[in-house]
1. Do any GluC sites (Glu not before Pro) in segment 19-77 lie in a loop, going by DSSP, with at most 11 other beta-carbon atoms within 10 Å of their beta carbon, and if so which?
2. Once fully extended, how much extra length lies between residue 182 and residue 212, figured as 0.36 nm per residue of separation less the alpha-carbon to alpha-carbon distance?
3. When ranked by the protection proxy of mean other Cβ atoms within 10 Å per residue, highest first, what sequence do the peptides 126-135, 15-24 form?
4. Can you sort 228, 115 by how many other beta carbons sit within 10 Å, fewest first?
5. Give the calculated FRET efficiency between residue 129 and residue 151 to the nearest 0.05, with a Förster radius of 30 Å applied to their Cβ-Cβ distance.
6. Could you state the per residue volume, in Å³, of the convex hull enclosing the Cα atoms of segment 2-58?
7. If each of residue 101 and residue 158 carries a label point 7 Å out from its Cα toward its Cβ, how far apart are those two points in nm?
8. Using a Förster distance of 51 Å, how high is the FRET efficiency between residue 193 and residue 88, based on the Cβ-Cβ distance and rounded to 0.05?
Amino acid sequence: MEGILILFIFFILLSFSGIRIVRPTHRGLIERFGKYNRFANLGFNWIIPLVENIYLVNITEQMVNAEPQEIITNDNLNAKVDAQVYYKVKPTEDDVKNCQYNVGNYQWQIVNLARTTLRNIIGTMTLKTANSERGRINSELHTILEKETASWGLEIVRTELKEIDPPKDVQETMNKVVKAENEKIAAVDFATATETAADGQKRAEIKKAEGIKQARILQAQGEAEAIRLVNEAANQYFVGNAQLLRRLEATEKSLQSNSKVVVPVNTELINVIGELAGVVPVKKN
């Protein structure tokens, strides 16, 4: 009786020791005596203790660093290049099996493949081109990695080129060139602004001169109109009486200066002034 109880307890403990829980972030491969037997999905799984083993595989997105390396560019400069690769294992049974059985240590393989691919890509470019076409380098690196890892059960999510650093002396020269270009742009902008301000001032002066010109034209037109009216008056009242007109002009100037002028009564000048003012002289009896 005790033996049966012991066997029962042993069986219970053996059963509990075979329980495996697979989280949503993982998938599992169950092997029996070292041979693949079945796929372990997320949740509850049970294996035969001492007979079967389960190997869990992370299916979340992960990152590996391609590690900095010296690459000789097409213009014979040593550039320090570093990149990162983001990948994840596909969650299907075949893909999980491929990442374990078709490649050994796929993380390290991705690093080596990325480093080799970067040397091949950047080695055909000049340093300036490589710095200005990072997007193209990322795209080519991503395409090649996807193609080469197709049988590994992986998805290459994206690749990021972290840095392309030239030698120190080249970097200093490049910084001087960039500084000179910026100063040139600033000088051009200043010259453009100065020219614009000068054009504005010039247009303002032109407008001012046009205003003065117009004012003088109007003044001249007014004076001409006044002369015309005087001429018309002279023609109307003083035709053949030039001497009398001169007397009248002299009298007008004298009156403007508050001078006293004595004019004899019953003279032609009195009659003319009266007519101009609309006054008819009164004759004494």
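1. Here no GluC sites (Glu not before Pro) fit, given the DSSP loop and packing criteria.
2. Extra length available between residue 182 and residue 212 comes to 6.3 nm.
3. Top of the packing list down: 126-135, 15-24.
4. 228, 115
5. Computed FRET efficiency for residue 129 and residue 151: 0.35.
6. Residue-normalised Cα hull volume stands at 68 Å³.
7. Each label point lies 7 Å from its Cα, and together they span 3.4 nm.
8. Between residue 193 and residue 88 the formula returns 0.40.
Values in this text are rule-based calculations from the coordinates and carry no lab data. In this text, all values refer to a predicted model and were calculated from it rather than measured experimentally. FYI the Cβ positions are ideal-geometry reconstructions off the backbone, even for glycines, and counts take in every protein chain you see.
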